[in-house]
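A.B. asks: Dumping the structure here so I can ask a few things about it.
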Amino acid sequence: MDRISNTNLKPIEEYNVKLIASMIGLGLIGGAAVAKEATAEMKVPAMDCAACTVVIKKALTQTKGVKNVDLNVDKRTATIVYEDTQVTQAEIQKTIEKAGFKTERSN
Ligand SMILES: [Cu+2]
């Protein structure tokens, strides 16, 4: 019984190694080394208190491809780091606007 499962296991292990290798090749795994990161900077004039930032941050962190959200209430700016293979700056701005805040691109 042990013998049979051992011989059955080997091709699966080999397959997994090949699969992982091809995933690295495709850039599906491997993290920052292969991912293309971009930064979107914008003004959010109506973002004037902590409650606003909570709403905006929640909307953005639920957006695929968004890696980091930095909101500055005093300056009314938003700096978002994202993977440009998964989302665009225009989509990020649309997300913020859907949450109720107009945006002005500043980069
Ligand atoms: Cu507010």
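A.B. asks: Consider the stretch 37-57. How many of its residues are over 18 Å from Ala90 (Cα atoms) and either of a type in the set (S, T, N, Q) or not assigned by TED's automatic domain parsing to the domain that holds Lys98 (or both)?
C.D. replies: So in the stretch 37-57, the residues over 18 Å from Ala90 (Cα atoms) come out as 46-55.
In the following step, the residues that additionally are either of a type in the set (S, T, N, Q) or not assigned by TED's automatic domain parsing to the domain that holds Lys98 (or both) were identified as 53.
Final tally of qualifying residues: 1.
A.B. asks: What residue, among those in the stretch 51-63 that are assigned to a helix (DSSP H, G or I) and farther than 16 Å from Thr39 by Cα, is farthest from the chain's Cα centre (by Cα)?
C.D. replies: This residue is Ala51.
A.B. asks: When you scan the stretch 64-107, how many residues do you find that are touching a strand residue (DSSP E or B) at 6+ places or on another chain (Cβ under 7 Å), closer than 12 Å to Ala46 by Cβ and assigned to a loop (DSSP other than H, G, I, E, B)?
C.D. replies: Of the residues in that region, 2 qualify.
A.B. asks: If I ask for residues that are within 14 Å of the ligand (Cβ to nearest atom) and touching a Ser or Thr at 6+ places or on another chain (Cβ under 8 Å), which ones from the stretch 73-96 would you list?
C.D. replies: Start the filter on the stretch 73-96 by keeping residues that are within 14 Å of the ligand (Cβ to nearest atom), which leaves 73-74, 76, 78, 96.
Of everything in the stretch 73-96, those that are within 14 Å of the ligand (Cβ to nearest atom) and touching a Ser or Thr at 6+ places or on another chain (Cβ under 8 Å) turn out to be Val73, Ala78, Ile96.
The values are calculated or read from the model by the stated rules, or taken from the named source; none is laboratory data. Keep in mind that what you see is a predicted model, and the values were worked out from it rather than measured. Reconstructed Cβ throughout: ideal geometry from the backbone, glycine too, with neighbour counts over all protein chains shown.
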